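The values are calculated or read from the model by the stated rules, or taken from the named source; none is laboratory data. Since this is a predicted model, take the numbers as computed values, not measurements. As a convention, Cβ positions derive from the backbone with ideal geometry for all residues, glycine included, and neighbour counts pool all protein chains shown. Ligands, DNA and RNA are stripped out before the accessible areas are found, and what is left, the full protein with its side chains, is counted by its heavy atoms. Shrake-Rupley method; radii C 1.70, N 1.55, O 1.52, S 1.80 Å.
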Amino acid sequence: MAKKKLFVIYLLITCVAISTIIIYISLSDNHTTTFLKQEAPRPEDEPTNISHILFGISASVKTFPTRHHYIDLWWQSNVTRGFLWLEHEPYQNDTWPETSPPYKVSGNTSSFRYTGGPPKSRHQIRMARVVKESFELGLENVRWFVMGDDDTVFFPENLVSVLSKYDHNEMYYIGGNSECVIQNLRHSYKLAFGGAGVAISYPLAMVLAKELDGCIERYAHLYGSSERIQSCVSEIGVPLTQELGFHQVFKKLSTHNYKEARDRQPYWQTGDFKFLAGWSSVILKES
């Protein structure tokens with residue numbers, strides 16, 4: 001009997017010791033996990049900042065020498081991320097400006113049908129595919145793909161402020177209508193004009209990368225790159241989210257009307273800047 005009692009006591013002591021060790025380890029793990037969460041938040045929990053935006057700028061070797069000054073106004077080396085997309089390599093005698101974004105050469109689009117305009121306008125297909133090619137680069141920590149032209153002037157700080165309002169884990173197609181009523185009526189106010197910049201969230205860009213080439217082929221009768229993007233986004237089922245700070249200016253619009261629109265809304269970006277040289281000193285001073 002004495003041996004049995006001793007054995008039972010031994011078992012009880014052993015069980016209590018093991019339980020104590022398990023509880024201690026569990027509490028230690030929870031404390032460590034809480035500490036790590038406080039000290040090192042997950043990247044997706046961080047507020048959106050400029051490093052989360054990848055710019056895709058449609059450009060041309062022919063026009064870049066006269067337009068890169070627009071880009072140099074807002075591009076910040078080692079701060080902003082993105083690429084200029086060209087139709088081919090720059091000419092050998094051209095020196096690439098250190099103040100400009102790096103460039104990529106767009107893929108061959110000669111196999112796509114294009115009936116929406118004269119042959120010289122086929123570059124609209126290449127411009128539409130910038131979002132697809134930007135996504136397929138596979139760069140890390142990208143939440144938003146922002147498309148524009150080589151004469152689009154962005155205000156990066158304002159852009160970050162606007163995009164921070166939206167959940168980048170959802171599908172968003174963000175932009176603005178034209179300042180021209182005729183253009184808006186033609187497109188039922190559902191189209192984000194690329195000249196003013198278009199922001200596309202990562203999940204939507206992922207789907208577009210798969211579907212866009214098929215859409216380009218189906219909508220061969222359309223003229224512009226913005227129309228092709230909008231048509232494909234519409235097929236996916238994502239509506240336009242309008243932000244009035246995206247200003248696209250039709251080149252036939254008077255600068256008086258443009259100034260009225262500018263005074264009412266702040267700038268995220270402005271398109272077709274080359275037609276507004278008279279207002280440039282005013283526009284560039286705004287933040």
Practice prompt. Working only within segment 136-151, note down all residues that are in a loop (DSSP other than H, G, I, E, B) and open to solvent by less than 30 Å² (accessible area, probe 1.4 Å).
Written response: V142, R143, D150, D151
Worksheet item: Taking segment 49-91 as the region of interest, how many residues are in contact with a strand residue (DSSP E or B) (Cβ under 7 Å, 6 or more places away or on another chain), closer than 23 Å to H168 by Cα, among the hydrophobic types (A, V, I, L, M, F, W, C) and open to solvent by 30 Å² or more (accessible area, probe 1.4 Å)?
Response: 1
Fill in: Residue in segment 100-108 that is modelled with pLDDT of 95 or more, among the aromatic types (F, W, Y), over 23 Å from V160 (Cβ atoms) and in contact with a helix residue (DSSP H, G or I) (Cβ under 7 Å, 6 or more places away or on another chain) present
no
Practice prompt. Report yes if some residue within segment 72-85 is among the acidic types (D, E), out of contact with any Cys (no Cβ under 7 Å at 6 or more places or on another chain) and over 26 Å from S164 (Cβ atoms); otherwise report no.
Written response: no
